[in-house]
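Engineer: What follows is a single structure, and I will ask about it in a moment.
The values are calculated or read from the model by the stated rules, or taken from the named source; none is laboratory data. Treat the numbers as computed from the prediction; the structure is a model and nothing was measured. Cβ sites come from the backbone with ideal geometry, for glycine too, and all protein chains shown count toward neighbours. Surface accessibility is based on the protein's heavy atoms, side chains included, excluding ligands, DNA and RNA. Shrake-Rupley method; radii C 1.70, N 1.55, O 1.52, S 1.80 Å.
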Amino acid sequence: MSPADDRGTVEQLLRAVPDFPEPGIRFWDLTPVLADAAGLAATTRLLSAPVAGTAVDVVVGIEARGFLLGAAVAQALGLGIVPVRKQGKLPAVAASRSYDLEYGSATLELPAGVLTAGAQVLLVDDVLATGGTAAAASELVESCGAHVRALSVVLELPGLRGRGRLGARPVHTVLER
Ligand code: AMP
């Protein structure tokens, strides 16, 4: 499958849900993409390809869809995965960061004792919207002395200018909407 074919597969399966979780928000639902064998394979290839052969040591997946995508990407790259979780879920926390979302606010936490200083990290999530989530996750990674090699997301919403909040960190996106 070529990257263009893979993109077409993802595009066909992606679902836009109007007015969820609030009026005026168009929610991009990856559930049908993940539920489809070809869709999951295509997404995994597209998220992995930009960093294949580069110095990446570990994947960090952002709760919750970043866990599903990140685990698949980690397998494809022969790496492990570290979860960045919403507040209150981890028994031991290395660091936490609060941030604003496109809708509401949240706190993310990094588990203690699993990310080593100097590690090159691939961050994985489903959607880059305002960038608050990815920026907070990046800061958590960097607070441990690790480096964000890149962020890979399925969908970027460029109108919300999330990329601007990530500074010089490389961002790879499969689709824009
Ligand atoms: P943000 O911090 O604004 O970049 O939001 C990114 C996070 O919120 C991601 O983890 C997404 O899962 C979720 N998200 C934000 N906006 C949307 C949207 N329009 N559709 C689907 N997920 C979204």
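Engineer: Report, by residue number, each residue of region 167-177 that is within 13 Å of the chain's Cα centre (by Cα) and outside any strand (DSSP E or B).
Structural biologist: Pro170
Engineer: Are any of the residues in region 40-47 outside any strand (DSSP E or B) and in contact with a Lys or Arg (Cβ under 8 Å, 6 or more places away or on another chain)?
Structural biologist: Yes, region 40-47 contains a residue that is outside any strand (DSSP E or B) and in contact with a Lys or Arg (Cβ under 8 Å, 6 or more places away or on another chain).
Engineer: Now, a different point. How many of the residues in region 22-42 are within 14 Å of the ligand (Cβ to nearest atom), open to solvent by less than 60 Å² (accessible area, probe 1.4 Å) and in contact (Cβ under 8 Å) with a residue 12 or more places away in the chain?
Structural biologist: Result for region 22-42: 7.
Engineer: Would you be able to tell me the number of residues in region 57-73 that are farther than 23 Å from Ser2 by Cβ, under 15 Å from the mean Cα position of the chain (by Cα) and touching a residue at least 40 places away in the same chain (Cβ under 8 Å)?
Structural biologist: Going through region 57-73 one residue at a time, the tally reaches 9.
Engineer: Let me ask something additional. Residues of region 82-105 being part of a loop (DSSP other than H, G, I, E, B) and more than 10 Å from the ligand (Cβ to nearest atom), which ones?
Structural biologist: Selection gives Gln87, Gly88, Lys89, Leu90, Pro91, Ala92.
Engineer: Kindly indicate whether Leu151 is among the aliphatic types (A, V, I, L, M), more than 10 Å from the ligand (Cβ to nearest atom), outside any strand (DSSP E or B) and within 15 Å of Val84 (Cβ to Cβ).
Structural biologist: Answer is no for this residue.
Engineer: Looking at Leu90, is it among the hydrophobic types (A, V, I, L, M, F, W, C), open to solvent by less than 20 Å² (accessible area, probe 1.4 Å) and modelled with pLDDT of 95 or more?
Structural biologist: No, not satisfied.
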